[in-house]
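See structure below.
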């Protein structure tokens, strides 16, 4: 199963990389015969085919993602697995009503996620190969296959960010509402419009950023030490998220155990901390290189996501749910950082770039090698169940 898993994921990654590379060679705009500059359409074979391939392959999976079997059982037994999110339920009922095999259902959900993710960057096609690369090697895809509803909301929201850049409040609100209809937690995303509408760079100072990261680790230590005294606060948190489906996951004992299970997250965790510090040190250069409001928005969420990651370690799965909207920006920022290094070929940048690629290829392979049958990570086709 391990060999099959590595083969399937690698073949999909390489295929998508080839198409993405071909797309990256073409500008997002072109000049007509009359001299008019027009935006190149996103809708053509080289763009849609690899996204469809992603959807079909992950639609044909079986038991990939911890929640996969719950979604499968709900679909095949006509049971709603959501918390009443209307759009997600409507999609599910549509496929059930058409009496379609669950492969079509999961294919659509996977395509939905990957389409909106790449559609958000349709004006930055030069970034596509690196987005594909880190989507797989940083295991972003595994989150999509697990927390399906929230992942759909996240990808919708990443697309909606362009309306903050363009100062189009009502369109941003509309897409946030659509995301909310996939996962209720998306309601928190509305607050970011007034914060980012002006394009202000909230994290200009490198020293300030490093200080905040250090503070985040200190807060984490304090939080862990006082966790046993937060029973009332945790109960209130459970009441907001809904206790029926997840009651056992949100009590103090489960929170403590979830962190203990992930404590000592190892060398890769420490290396990623080092990588994030390097990106922070490069942040001024990155902002001067890209020099646009869009990148400032991306960097804001990248750094905000780092703070929440280090305050609430990944082991606190329940508590980190509201902050998982920001974790995707690590994958996105790795792509921006790698592209910067590739375009600015100093000896130091070349060394960092090569090291970055080797590191994430290693992480990708290691995640497969160290996985077990219970990790819901190894790829198997539905007909192999």
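The values are calculated or read from the model by the stated rules, or taken from the named source; none is laboratory data. Since this is a predicted model, take the numbers as computed values, not measurements. Cβ coordinates were reconstructed from backbone atoms using ideal geometry, including for glycine residues, and neighbour counts include every protein chain displayed.
Residues that are surrounded by fewer than 17 Cβ atoms within 10 Å (Cβ to Cβ), under 21 Å from the mean Cα position of the chain (by Cα) and assigned to a helix (DSSP H, G or I): does region 307-318 have at least one? Checked region 307-318: no residue is surrounded by fewer than 17 Cβ atoms within 10 Å (Cβ to Cβ), under 21 Å from the mean Cα position of the chain (by Cα) and assigned to a helix (DSSP H, G or I).
The residues on offer are 339, 323, 329, 304, and the sole one that is modelled with pLDDT of 95 or more, surrounded by fewer than 21 Cβ atoms within 10 Å (Cβ to Cβ) and either in a helix (DSSP H, G or I) or touching a helix residue (DSSP H, G or I) at 6+ places or on another chain (Cβ under 6 Å) (or both) is 304. Of the residues making up region 37-69, those that are more than 28 Å from residue 20 (Cβ to Cβ) and assigned to a helix (DSSP H, G or I) number 1.
You will find that of 109, 94, 72, 127, the residue that is surrounded by fewer than 18 Cβ atoms within 10 Å (Cβ to Cβ), part of a helix (DSSP H, G or I) and at negative phi is 94 and no other.
Of the numbered conditions (1) assigned to a helix (DSSP H, G or I); (2) surrounded by 18 or more Cβ atoms within 10 Å (Cβ to Cβ), residue 82 fails exactly one; give the number of that condition. Every condition holds for residue 82 apart from (1).
Of all the criteria given as (1) at pLDDT 90 or above; (2) surrounded by 15 or more Cβ atoms within 10 Å (Cβ to Cβ); (3) in a helix (DSSP H, G or I), the one not satisfied by residue 182 is (3). The set of residues from region 359-385 being under 24 Å from residue 270 (Cβ atoms), more than 21 Å from the chain's Cα centre (by Cα) and part of a helix (DSSP H, G or I) comprises just one member, 369.
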